[in-house]
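Worksheet for the structure shown next.
The values are calculated or read from the model by the stated rules, or taken from the named source; none is laboratory data. Model, not experiment: these values are computed from the prediction. Methodologically, a virtual Cβ is constructed for each residue, glycine included, from the backbone with ideal geometry; neighbour enumeration extends over all protein chains shown. Ligands, DNA and RNA are excluded from the accessible area calculation, which covers all protein heavy atoms including side chains. Shrake-Rupley method; radii C 1.70, N 1.55, O 1.52, S 1.80 Å.
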Amino acid sequence: MLASGRTVSSRLLRPTAWLPLRLSSERTAASSPQKELIKKHEQDELRPLYMDFQATTPMDPRVLDAMLPYQVNYYGNPHSRTHAYGWESESAMETARKQVADLIGADPREIVFTSGATESNNMAIKGVARFYKAKKRHVITTQTEHKCVLDSCRILESEGFDVTYLPVQKNGLLDLELLEASIRTDTSLVSVMTVNNEIGVKQPIKEIGQICRSKGVFFHTDAAQAVGKIPISISDWKIDLMSISGHKIYGPKGVGALYVRRRPRVRLEPIQNGGGQERGLRSGTVPTPLAVGLGAACSVAQKEMEYDHQRVSMLANRLVQKIMSEIPDVIMNGDPEQRYPGCINLSFAYVEGESLLMALKDVALSSGSACTSASLEPSYVLRAIGADEDLAHSSIRFGIGRFTTEEEVDYTAEKCIEQVCRLREMSPLWEMIQEGIDLKSIKWTQH
């Protein structure tokens, strides 16, 4: 049964027979690269283990199952109101919207589909600031936010807005008294990430929300690393805007959502104009298969969140204990308690992080955010929590997720221990430390 009580005959719902058919020459041309890829994989060694779940997550097979019919059979434009193809796609889109809303305790009408958390962050920060610019021209964020938040704030500065970038404490947490003291009468928005993508620190979002609500300031949080992994209550936390990403919760890439509170109402100026879809906030045809995938990922996460969290915590403790029991001078970056356990950032003193990554080539890891990995500069997040430059350069981020196994954790720990010991044996700094020399007392000279 579809919108307006209309039904669709089974003839309309069957796959169209001619869709997959192509001329033989086209089939041959299309399959040739695939054959080469398969041949290459057969020649290559086994692929590395995947331990980089903060960069992206593999799609859950249940999500793919939900998406496939809308890739092939139900291909209507969800905004077409005159025929069954549009109605069935619209119905699927609205079901997905409700699944996203249910995960965070929101009303489906408060969910706006986007292309991902980067777009959601841009929409929230620029949109709110520009809408209220006549009376309020001040925005507050932290120094450890995702690059898309920081760059959005820099764009606002170029437009004449005043932006305060609050420092964080050595454990990565925001000082709430400093936040409260920084709010001014012309502050329109505070933007603080829920779970940090590099060090896994979980900010006191509920307390931040209460401060913002008491001051009459809108509160936005980038929850890309938190949604589906920790319980979130929009109402209890007094969040006004929240960014969500599909590919961080075992959904498809290229889709996300922005939660925009309706009561008390949050207004924002759209950054993308056109047909007025998504309540006029984000014009453009909503990609039904991707929206369905995001909804399915949220639905699975809601059912399995508690189990996933317990299992990820167990695996994370196993990894950290194995590494720290065997290797001295290893520092865990970020607060040891207020954190999401699946994101572990360790600094291995007297070892270059990039060298360690190369040595651990059979494990897919990273030395920081995938969005800034092209830079050879030490992580700005680690510098913001006061890490020395050499320790910031020696950090590795281990990401554990739903499909990580105990065997993978054990293998990663063993290889890490082996390679850190090997690299330290080659390091003159490590040799000096073993001899009891204080490196900070040495006056280095350049030649």
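Ranked by the mean number of other Cβ atoms within 10 Å per residue, highest first, peptides 186-196, 333-343 order as 186-196, 333-343.
Heavy-atom accessible area for TYR259, with the other protein chains in place and a 1.4 Å probe, reaches approximately 0 Å². Annotation: for a label point projected 7 angstrom from Cα along Cα→Cβ of ASP388, residues of the range 321-357 with backbone N closer than 20 Å are 324, 327-335, 345-356.
Note on THR82 and GLN169: with the Förster distance fixed at 51 Å, the Cβ-Cβ geometry gives a FRET efficiency of about 0.35. Give the shape of the range 41-183 as rounded, prolate or oblate, defined through the alpha-carbon gyration tensor: a ≥ b ≥ c are the square roots of its eigenvalues, a/c under 1.5 means rounded, and otherwise the shape is prolate if a/b is larger than b/c and oblate if not. Oblate shape, in that a/c is at least 1.5 and b/c is the bigger or equal ratio. Would you work out the relative contact order for the range 276-433, in percent, from Cα pairs under 8 angstrom that are 6 or more residues apart? Result for the range 276-433 is 28 percent. In the distance distribution for the range 236-301, Cα-Cα pairs more than 20 Å apart total 37 percent.
From most to least packed by mean Cβ count within 10 Å, the peptides 151-160, 356-365, 217-226 give 217-226, 356-365, 151-160. With a 1.4 Å probe rolled over the protein heavy atoms of all chains, the accessible area of MET93, MET426 falls in the order MET426, MET93, largest first.
Mind running the shape call on the range 300-430? Use the C-alpha gyration tensor, a ≥ b ≥ c as the square roots of the eigenvalues: rounded below 1.5 for a/c, prolate if a/b tops b/c, oblate otherwise. It comes out prolate by the Cα gyration axes. For the range 169-227, dividing the convex hull volume of the Cα atoms by the residue count gives 78 Å³ per residue.
Relative contact order of the range 212-290, taken over Cα pairs closer than 8 Å and 6 or more residues apart, is 20 percent.
With a simple spin-label model that places each label point 7 Å from the Cα along the Cα-to-Cβ direction, the separation between SER283 and LYS147 comes to 3.0 nm.
Here the scattering of the range 121-270 is modelled by Debye summation over its C-alpha atoms, one equal scatterer each and no solvent; at q = 0.09, 0.21 Å⁻¹ the log10 of I(q)/I(0) is -0.24, -1.49.
Shape class of the range 141-202 from the alpha-carbon gyration tensor: oblate, with a/c at 1.5 or above and b/c at least as large as a/b.
For the pair THR185 and GLU418, the difference between a 0.36 nm per residue extended length and the Cα-Cα distance amounts to 78.3 nm. Rounded to whole numbers, the Karplus 3J(HN,Hα) couplings from phi for the range 338-352 are 7, 7, 8, x, x, 10, 10, 10, 10, 9, 9, 4, 6, 10, 6 Hz, using 6.51 cos²θ - 1.76 cosθ + 1.60 with θ = phi - 60°, and x at Gly and Pro. Placing dummy labels 7 Å off each Cα toward the beta-carbon, the span from LYS35 to TYR307 is 4.3 nm.
Subtracting the Cα-Cα distance from 0.36 nm times the residue separation, let me have the gained length for PHE131 to THR95 in nm, one decimal.
Result: 9.9 nm gained on full extension.
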